[in-house]
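The values are calculated or read from the model by the stated rules, or taken from the named source; none is laboratory data. Given the structure is predicted, the values throughout are model-derived calculations rather than measurements. These area figures cover heavy atoms from the full protein model, side chains too; ligands, DNA and RNA do not enter into them. Shrake-Rupley method; radii C 1.70, N 1.55, O 1.52, S 1.80 Å.
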Amino acid sequence: MAGLVDKAKNFVADKIANVPKPDASLTDVDFKKVSFDSADYIAKVSVNNPYSHPLPVCEVKYTLKSAGRVIASGNMPDPGSIKSTGTTMLEVPVKVPHSIIVTLVRDVAKDWDIDYELDLGLIIDLPLVGNLTIPLSRKGEIKLPTLSEAIWGSKDEASKETKKEIPKEATK
């Protein structure tokens, strides 16, 4: 009888192990804006759902580090659902208080960017299996806008507005 129970356990464990699971990747971290109390960043997460029904995302937990120090951590409760059989982009807002940014002055002064490491945990509710945490991590640098870009917009946007196409007939 014990052999039959062990076979049943192994069968169920095998089936659960081979169930397709959602996968995710941390695609980008961008500077968004500066407010009176903090600098806001956006972490973009691409989540692929192999199932034919949407999956609820319970929570997203994050920790943003720079120069080995935690500069922001928090969570985003109930960010919505992942659409069925496809890829969904989630945008996770990250707020860094100005008091922390002041401690990063040495790094910013060298190359006008912030070297970062972002650890993110995406918690998804899978039917029958329960909560699944997908750990994500990304290292990189966030380029800060120059003063003129902060006031007037990026160079690309400015050149698009000032650049006008001249029709070929007008140049003949």
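Computed with a 1.4 Å probe over protein heavy atoms only, the accessible surface of the stretch 17-87 comes to 53 Å² per residue. Computed in the context of the full set of protein chains, the accessible area of the stretch 1-145 at 1.4 Å probe radius has 58% of its extent on carbon or sulfur. Once C-alpha pairs closer than 8 Å and six or more residues apart are averaged by separation and normalised to the residue number of the stretch 86-141, the relative contact order reads 27 percent. Here the extension length gained between V105 and E141 equals 11.5 nm, from 0.36 nm per residue of separation less the Cα-Cα distance.
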